Amino acid sequence: MQPLAGLHRFFFLCLGTMLSTPAFGLCDNTDFRNFQARSRTANADINPSQTGLAIAEGSASVNLSLSFATGNVGINPGTGGFSTSTTTQMGNWSWQITADTRNWDSTDEMLVTYEVLNNGQLLADAQPSSRIDASVVTYNLDVRRFQNRNTRFRGFLAVTTDYANATRAGLYSGTVRVTIECAP
Amino acid sequence: MFKRGIAIFLLGMALAMPWQQVQAQAVGDTDISIDFPNIVILHYVSSLTLTFDAGTITPEDTVDDGPVTPAAAGITDATATFDLGVDGTSGSNPWPNTVPVRLENAWAVRGISTSGTIDVDISITGANAVNGTSTATMSAARVTGGGQGPSANITIPAPGFGTPTVGDVDFSLDVSGVTTAQTHTGMSYQIQASAP
């Protein structure tokens, strides 16, 4: 018996197994390929009318002495009247991936997860100690299926930010980790 | 030769299997940048009542004009109640000509700017508080805050949106024209906060 005869049979066993794979509901993580990402810059979606606010804090009474006229108005501004949260769409697609969807059917689902690195924060380019909390969602998913039954997915991102702790205006930058897998 | 090729193929498959297991997900990074504009929020008191208590007043001269109940001044409404019982024999006005008024914690600022600072300015938009012919006049308004001032305009560090920077207002109040102790109205100042 030739030494490789067993391997020969094993090869065709494997091949036969692959060829006999059922053709339904078989999204497999190895179907994904050619992940591409694009850097995106956008202006924060903040209404210009909200960039200069004068908030009246009501009225006050102060008792003064004509010889020592110092009194405490005691203004105590709350956090009402303005918001520090906004959601900004990042323009064109931010990530793209192609999947071999020949074996997929309508029950297959793809799970896309976003993680904003650096503890979920964007850092001011001018002053990294000034930080903004950020989270990411997909606001649009472009799907194009080709004749070879590959499918290209393009994800468009929207970034929700809370800039309550920011101290600087200008560019805030960060990295979003995109994880794509077949939904369990 | 064919068998050797199969062996190489199977070896390749064996090597590829662990890689496929590692590639259980497709993972990639995308860089994002968002440009935030200057944002300035000014908190202010829109109506201020100044009530002057003359109980400790020291008359500049000794006069006897009868019971005199001097000054009251405020931004939109002011009242004063005095009962000095000044007893003098000369002069026409027992009050100091000007009173330095200091209003602590009269404004607050929040915000961000590209420079990291915010300008705070004050201007007088209504100098006189009047009641008939009785007049008190405000001048030399200044602001203090964030370790800066007093000055008509100061530049303070931008505090962000959490804890605001709180500041004071001071001005001189000329009460030499005050002849009645009732409410005097019409005096106002304006504070403006802006990103430089």
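What to note about this one:
- Averaged over the residues of B:157-167, the number of partner chain Cβ atoms lying within 10 Å of the residue Cβ comes to 4.
- Each Cα pair under 8 Å and six or more residues apart adds its sequence gap; the mean of these over the residue count of the range B:96-152 is a relative contact order of 22 percent.
- Extension gain, B:S194 to B:D29, is 55.6 nm, computed as 0.36 nm per intervening residue step minus the present C-alpha separation.
- Taking every residue in A:171-181 and counting other chain Cβ atoms within 10 Å of its Cβ, the average works out to 5.
- The residues packed around B:S172, meaning those with a beta-carbon under 12 Å from its beta-carbon, carry a net charge of 0 if Lys and Arg are +1 and Asp and Glu are -1.
- The GluC sites (Glu not before Pro) of the range A:54-122 that DSSP puts in a loop, and whose beta carbon has at most 13 other beta carbons within 10 Å, are A:E109.
- Per residue of peptide A:74-84, the mean number of Cβ atoms on other chains within 10 Å of the residue Cβ is 5.
- Counted by Cβ distance under 9 Å from A:Q121, the other residues give a net charge of 0, where Lys and Arg count +1 and Asp and Glu count -1.
We did not get these values from a lab; they are worked out from the coordinates using the rules stated. Note that the structure is a prediction, hence the values are computed from the model and not measured. As a convention, Cβ positions derive from the backbone with ideal geometry for all residues, glycine included, and neighbour counts pool all protein chains shown.
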